[in-house]
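Before anything else, here's the structure in question.
The values are calculated or read from the model by the stated rules, or taken from the named source; none is laboratory data. Keep in mind that this is a model prediction, so the values were computed, not measured. All Cβ positions, glycine included, derive from the backbone under ideal geometry; neighbour counts span all protein chains shown.
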Amino acid sequence: MRSHYCGIVTKELLDQEITLCGWVDRRRDHGGVIFIDLRDRDGVVQVVFDPDSTGFEIADQVRSEYVLKVTGRVRARSEGTINPNMATGEIEVYGLGIEILNSSETPPFPLSEYTHVGEDVRLKYRFLDLRRQEMQNNLRLRAKITSVIRQNLEEQGFLDLETPILTRATPEGARDYLVPSRTHEGRFFALPQSPQLFKQLLMVSGFDRYYQIAKCFRDEDLRADRQPEFTQIDIEASFIDQEQIMAITEKMIRQLFIDVKGVDLGEFPRMPYAEAMAIYGSDKPDLRIPLQLVDIKDLMKDIEFKVFAGPANDSASRVTALKVDGGAEISRKQIDEYTKFVGIYGAKGLAWIKVNELEKGIEGLQSPIIKFLGDDVTMSIMERVAAKNGDIVFFGADKTKVVSEALGALRIKVGLDLDLTTCDWAPLWVVDFPMFETNDDGSMTALHHPFTSPSCSPEQLKEDPLAALSVAYDMVLNGTELGGGSIRIHDQAMQETVFEVLGIAEAEQREKFGFLLDALKYGAPPHGGLAFGLDRLVMLMTGAPSIRDVIAFPKTQTAACVMTDAPGEVNSLQLRDLNIALRKKESAEKPKAE
């Protein structure tokens, strides 16, 4: 129907007759001359109809979002009408013919990129929201990213192989989405949280290098960077060690940024997990922000102030300071806001000291807590954190997890609020993760997953599991985990040992993982891999505030689709075929006694 896309009409086509199709982005009537900005996926071009043009009367009828087919001749704009903000701003199309392919009702919101519309309305009318240039650009960039990744991996010998969508429930991690089986009464499939076990089996099968742009599903609470269904760049390779798989994936991401954004991220530094938690309070530190946590536990052990002395003498607790350069200008009102902010992470308060004139000693400091710390301890803290005039020092004293999370998050928030970032992109590898972490009840879970290889022997693992490190690695960019991976367990005895440490009995091992244990008996090669979150990656590269802005049809924060009204009810016949009976909700009011 058309000869060209709107966005590629340039001076090279001057005096040529072309045919365009698209939507009316804007229509203007200037003294009897009608200007139509026609839009398609490639951009916008201005079409002009004057009273002598064929189709002028039809052009006079069109309105916003009408679908048109336009024939016209490309001509240069006059000097004063050139629009440098448009790719097609040096030309216009003089209309020779027009056909209305479809009319449109007035949209529920303007499609201009400058229009602020509630997300609930945007998602309800997502088919209109996707016409906006911002969304078109985001999804086109997403397509380019996946194309570059596929090309890069295939050049390195990786095969695009599919794994099942209907599988069995996963005993570890987040909740599964369950699918009832009609043909196997009372039994359920599960949608995969990842292709983890299948890609390991592909390595046992000898395929050597696998990748997949895979759909994954997790029934968990949502955040701005999470969805119940998400896309994963899944990679696995055999006869490979940690250094090799990290080199392959780092090369891929660096090339991706060069090809798509023209940015060279440079060599990725490495940081042990323990160092990341100690200095940044996070296993995915944002290195753009130079602020660091400083432990002062030893300085607080002998003071009488129990708020600090208690955690200082507790091996499971932490006492830490966060110095903010130039932070003395932060108002009391803002400090109160920061106090509420750290409360989200379980902190009971936020102590602080402002450094006004350090050369005056205690007299040059401002804080309600100095009298409880004493002069000597206070000045020792100032020396340790290298405080200087104009700084503020925040404090955290509580269980290690609470302090790390609260001050780690505060570090990011204050750094962004005060515009302390030192660069645009800060990648790194976080390595040497603990193999296990303890739950509140004292039980253990795998920090990554139970198929990650420990860096010790089975005997050492049994003897002191909490001291064991894993051969795992996370790629982090600007405080966001882009991807995580590990060298996998390829030895049956080691896999059984990990299950044993996690309290998974032999019978349960056979029931849930028998197929994997059997596969490991038949010559499983050393192998490892990594999985990237494609949605998060695209969100970072586009600068979008949420992954919902880089997914064509996302779910809301409540895991619902307001456009299709999903999830929806199903009729009793469908439920009966699946052998499912819905439990009736109990009435909110108790029946009255007769």
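Could you tell me which residue of the stretch 207-247 is modelled with the lowest pLDDT, considering only residues that are of a type in the set (Phe, Trp, Tyr) and over 13 Å from the mean Cα position of the chain (by Cα)?
So in the stretch 207-247, the residues of a type in the set (Phe, Trp, Tyr) come out as 207, 210-211, 217, 230, 239.
From the residues that got through so far, the ones that are over 13 Å from the mean Cα position of the chain (by Cα) too are 207, 210-211, 217, 239.
Working: PHE207: 97, TYR210: 98, TYR211: 98, PHE217: 94, PHE239: 98.
The extreme case among them is PHE217.
Are there any pairs, at least 6 apart or on different chains, whose C-beta atoms fall under 9 Å, with the first in the stretch 205-228 and on the phi > 0 side of the Ramachandran plot and the second modelled with pLDDT of 90 or more and surrounded by fewer than 16 Cβ atoms within 10 Å (Cβ to Cβ), and if so, which?
Pairs found: GLY206/PRO525; ASP208/GLY157; ASP208/LEU159; ASP208/PHE239; ASP208/PRO525.
In the stretch 9-45, what residues are outside any strand (DSSP E or B) and under 14 Å from ARG73 (Cα atoms)?
Of all residues in the stretch 9-45, those outside any strand (DSSP E or B) come to 9-16, 31-32, 41-42.
Hits for the stretch 9-45 are VAL9, THR10, LYS11, GLU12, LEU13, LEU14, ASP15, GLN16.
For a quick check of your reading: which helices (runs of 4 or more DSSP H) sit entirely within the stretch 266-359 and have at least 2 residues that are free of Cβ contacts under 8 Å to residues at least 12 places away in the same chain? Reasoning before the result, please.
Details: elements: 273-280, 297-300, 306-312, 332-343.
Qualifying helices (runs of 4 or more DSSP H): 306-312, 332-343.
Follow-up. If I filter the stretch 57-90 down to residues being free of Cβ contacts under 8 Å to residues at least 24 places away in the same chain and not in a loop (DSSP other than H, G, I, E, B), which single residue comes out as nearest to GLY32 (Cα to Cα)?
Once the filter is applied, the top-ranked residue is GLU57.
So, of the residues in the stretch 114-134 that are over 30 Å from GLN16 (Cβ atoms) and either in the same structural domain as ARG39 (by TED's automatic domain parsing) or touching an Asp or Glu at 6+ places or on another chain (Cβ under 6 Å) (or both), which turns out to be surrounded by the most Cβ atoms within 10 Å (Cβ to Cβ)?
So in the stretch 114-134, the residues over 30 Å from GLN16 (Cβ atoms) come out as 114-130, 134.
Narrowing further to those that are either in the same structural domain as ARG39 (by TED's automatic domain parsing) or touching an Asp or Glu at 6+ places or on another chain (Cβ under 6 Å) (or both): 122, 134.
Numbers: ARG122: 20, GLU134: 16.
Here the residue is ARG122.
Condition first: part of a loop (DSSP other than H, G, I, E, B), at pLDDT below 95, surrounded by 14 or more Cβ atoms within 10 Å (Cβ to Cβ) and not β-branched (Val, Ile, Thr). Can you find one or more residues in the stretch 409-419 that meet it? Break it down stepwise before answering.
Kept after step one, since they are part of a loop (DSSP other than H, G, I, E, B), are these residues of the stretch 409-419: 418-419.
Subset that is at pLDDT below 95: none.
No: zero hits.
From the list THR497, THR438, pick out the single residue that is free of Cβ contacts under 8 Å to residues at least 60 places away in the same chain, among the polar types (S, T, N, Q) and crowded, with 18+ Cβ neighbours inside 10 Å. Even if it seems obvious, please write down each step before you answer.
Numbers: THR438 fails: crowded, with 18+ Cβ neighbours inside 10 Å.
Unique residue meeting the criteria: THR497.
Hey, any hits in the stretch 165-182 for a residue that's within 30 Å of LYS251 (Cα to Cα) and free of Cβ contacts under 8 Å to residues at least 60 places away in the same chain? Please lay out each step first, then the result.
Let us first name the residues in the stretch 165-182 that are within 30 Å of LYS251 (Cα to Cα), namely 165, 173.
Filter again for free of Cβ contacts under 8 Å to residues at least 60 places away in the same chain, leaving 165.
Yes, the conditions are met somewhere in the stretch 165-182.
VAL430 - would you say it is of a type outside the set (Asp, Glu), more than 30 Å from GLN492 (Cα to Cα) and not in a helix (DSSP H, G or I)?
Working: of a type outside the set (Asp, Glu): yes; more than 30 Å from GLN492 (Cα to Cα): no; not in a helix (DSSP H, G or I): yes.
In short, no.
Only residues that are touching an Asp or Glu at 6+ places or on another chain (Cβ under 6 Å), more than 21 Å from ASN102 (Cβ to Cβ) and crowded, with 16+ Cβ neighbours inside 10 Å: list them for the stretch 8-45, please.
The answer is none; no residue qualifies.
Please determine whether any residue of the stretch 104-111 is surrounded by fewer than 16 Cβ atoms within 10 Å (Cβ to Cβ), within 23 Å of the chain's Cα centre (by Cα) and closer than 21 Å to PHE553 by Cβ.
There is no residue in the stretch 104-111 that is surrounded by fewer than 16 Cβ atoms within 10 Å (Cβ to Cβ), within 23 Å of the chain's Cα centre (by Cα) and closer than 21 Å to PHE553 by Cβ.
Being basic (Lys, Arg) and in a strand (DSSP E or B): is that true of LYS199 here? Walk me through how you get there before you give the answer.
Numbers: basic (Lys, Arg): yes; in a strand (DSSP E or B): no.
So LYS199 fails the test.
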